[in-house]
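The values are calculated or read from the model by the stated rules, or taken from the named source; none is laboratory data. The structure displayed is predicted, hence computed values, not measured ones. When we count neighbours, we look across all protein chains shown, and the Cβ atoms used for this are built from the backbone with ideal geometry, even at glycine.
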């Protein structure tokens, strides 16, 4: 089980493993559609999470962006772009959620 997933979600996955597998399969099918490369997909998904103001999704997609090799500056830029769309307070909240993950990754590297 992925230890980065929230504990409650891990319990749901244990209880309904076929639903989780189907969800994962759907994600893979969508990602394989011709159009955006993986890097662009990661940034778009982070932007969607920011726009929806979903803290857990912003955390998750920030981690996935880093695993894809996207720089901290590019990730922060996603939240800054939201200022004129979702407003200053919401964009700052999202920026702080991104910062939670990026700073946490720096601590793990030390």
| remark: Restricting attention to the stretch 50-71, the residues that are in contact (Cβ under 8 Å) with a residue 24 or more places away in the chain, more than 18 Å from residue 3 (Cα to Cα) and part of a helix (DSSP H, G or I) number exactly 2
| Looking at 11, 34, 74, which is the one that is in a helix (DSSP H, G or I) and out of contact with any helix residue (DSSP H, G or I) (no Cβ under 9 Å at 6 or more places or on another chain)? | 11
| task | Go over the candidates 79, 49 one by one and state the one that is surrounded by 14 or more Cβ atoms within 10 Å (Cβ to Cβ), in contact with a helix residue (DSSP H, G or I) (Cβ under 8 Å, 6 or more places away or on another chain) and modelled with pLDDT under 95. | result | 79
